Amino acid sequence: DIASRLHALGVNLVRLHHMDAPWAEPNVFHVAGGSYGKATTSLDRRSLDRLDWFVSRLFAHGIRVDVNLHVTRVFNAADGFPDTDALPGEGKVVGYFEPGMIERQRLYAKQLLTHPNPYTQGRFGDGNGVALVELDNEDSLLGSADRIAGLPPHYREVLARGWNAYLAG
């Protein structure tokens, strides 16, 4: 299997990247039929089983994992957010200040990190074979002035309210 080949090549860490990508089939939210436009509120059990099996094979060969949480997850209208088609690509920027998106990311992290892997009898959150967890890949509010200026009104208002509350505090 691929884990034994990676081990033979001296690989000791695998980055679990783009698991949340809407263009990936399967992804952690959906297995088949296209992910665009579907809600990203729960993990697909078939995708999770495939991930659990793969991770168990890596762990069996002493290979650790880097779990990436938000890489390219795109929130959409099915998730209950307005004007998502006008947001920056790959779900970037707004996840730092939109309360609903922050809560959805927390839910996703909890679902992924606390579910028991039936093949390893462990959980990602327990650190069993997990070298690190990346919360957000290649994203920042710094240097994002152009993306912020182009946000739909709802998101600019949410950001302005939060910023003003921060300043008042």
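The values are calculated or read from the model by the stated rules, or taken from the named source; none is laboratory data. Keep in mind the model is a prediction, meaning the values are calculated, not measured. Every residue, glycine among them, receives a Cβ derived from its backbone with ideal geometry; neighbour counts consider all protein chains shown. Quick note on the areas: whole protein, heavy atoms, side chains included, nothing else; ligands and nucleic acids left out. Shrake-Rupley method; radii C 1.70, N 1.55, O 1.52, S 1.80 Å.
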Heavy-atom accessible area order for 166, 108, 119, largest first, 1.4 Å probe
166, 119, 108
Measure off, as a whole percent, the carbon and sulfur share of the 1.4 Å-probe accessible area of the chain, all protein chains present.
56
Mind listing the long-range amide H neighbours of residue 70? Cut-off is under 5 Å, sequence gap 5 or more, other chains count too, H placed in the peptide plane at 1.01 Å from N.
136, 137
When the charge dipole of region 49-169 is computed with +1 at the Cβ of Lys and Arg and -1 at the Cβ of Asp and Glu, the Cα pointing farthest to the positive end, of 144, 154, 121, is that of 121
If you count only protein heavy atoms and use a 1.4 Å probe, how large is the accessible surface of residue 155, to the nearest 10 Å²?
0
Taking θ as phi - 60°, what are the ³J(HN,Hα) couplings along region 157-169 by the Karplus curve (6.51, -1.76, 1.60), each to the nearest whole Hz, with x for Gly and Pro?
5, 4, 5, 4, 4, x, 5, 5, 5, 4, 5, 5, x
Exposure rank, largest accessible area first [141, 69; 1.4 Å]:
141, 69
Please work out the Cα center distance from region 117-169 to region 62-88, rounded to the nearest Å.
10
Taking the chain and dividing mean pair separation by its residue count, relative contact order in percent (alpha carbons under 8 Å, at least six apart):
24
accessible surface per residue for region 13-102, probe 1.4 Å, DNA/RNA/ligands not counted, whole Å² -> 43
Might you work out the accessible area of residue 23 for me, using a 1.4 Å probe with all protein chains in place, and round it to the nearest 10 Å²?
150
Report the net charge of residues surrounding residue 79, where surrounding means a beta-carbon distance below 13 angstrom and charges are Lys +1, Arg +1, Asp -1, Glu -1.
-2
Rounded to the nearest 10 Å², what accessible area does residue 142 show when all protein chains are kept and the probe is 1.4 Å?
150
What angle, in degrees between 0 and 90 and rounded to the nearest 10, separates the Cα long axis of helix 45-60 from the longest principal axis of the Cα atoms of the chain?
50
Does anyone have the angle between helix 99-114 and the longest principal axis of the chain? Alpha-carbon axes, 0 to 90°, nearest 10?
10
Dipole size in debye (nearest 20) for the chain around its Cα centre, Lys and Arg Cβ +1, Asp and Glu Cβ -1?
380
